[in-house]
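Working notes, structure below.
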Amino acid sequence: MEKEEFPPLCPDFVVDLRSRSDSLAALREKMREYLTNGARLGWLIDPIDRRVYVYEPPDGETCFEDPESLSGEPVLRGFVLEPRRLWA
């Protein structure tokens with residue numbers, strides 16, 4: 001049986017929402033992997049600790065404590081997320 005191959009694609013934007021059963025370390029590693037493979041913006045939203053990890057090349061990871069808003073610029077033009085609405 002032939003194994004199906006997938007094209008080497010990576011999205012420009014990735015978002016992941018941590019649940020209580022998720023390992024934060026594993027999610028952070030997965031987000032870094034997306035960057036390595038060409039993602040231009042990644043958000044790891046952690047409602048448990050009220051943090052958002054933003055991933056952008058070339059800087060890598062930046063952690064924001066309880067941010068009021070996040071801008072998707074320039075990848076998501078005009079898009080703003082208010083993470084505090086997720087904490088409620």
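Nothing in this text is a laboratory measurement; each read-out follows from the coordinates by a stated rule. No experiment lies behind these values; they were computed from the predicted model shown. Ideal geometry is used to build each Cβ from the backbone, glycine not excepted, and the neighbour counts take in all protein chains shown.
Name the single residue that is surrounded by the fewest Cβ atoms within 10 Å (Cβ to Cβ) among those in segment 17-59 being assigned to a strand (DSSP E or B) and touching a helix residue (DSSP H, G or I) at 6+ places or on another chain (Cβ under 6 Å). Write out each step before concluding.
The initial filter retains those residues of segment 17-59 that are assigned to a strand (DSSP E or B), namely 17, 41-46, 51-56.
Filter once more, keeping what is touching a helix residue (DSSP H, G or I) at 6+ places or on another chain (Cβ under 6 Å): 42, 44, 55.
On the way: Gly42: 24, Leu44: 24, Tyr55: 22.
Checking each candidate, the answer is Tyr55.
The rows are residues; the columns are (1) more than 10 Å from the chain's Cα centre (by Cα); (2) touching a residue at least 24 places away in the same chain (Cβ under 8 Å).
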site	(1), (2)
Glu5	yes, no
Gly38	yes, yes
Ile45	no, yes
Pro58	yes, no
Thr62	yes, no
Pro74	yes, no
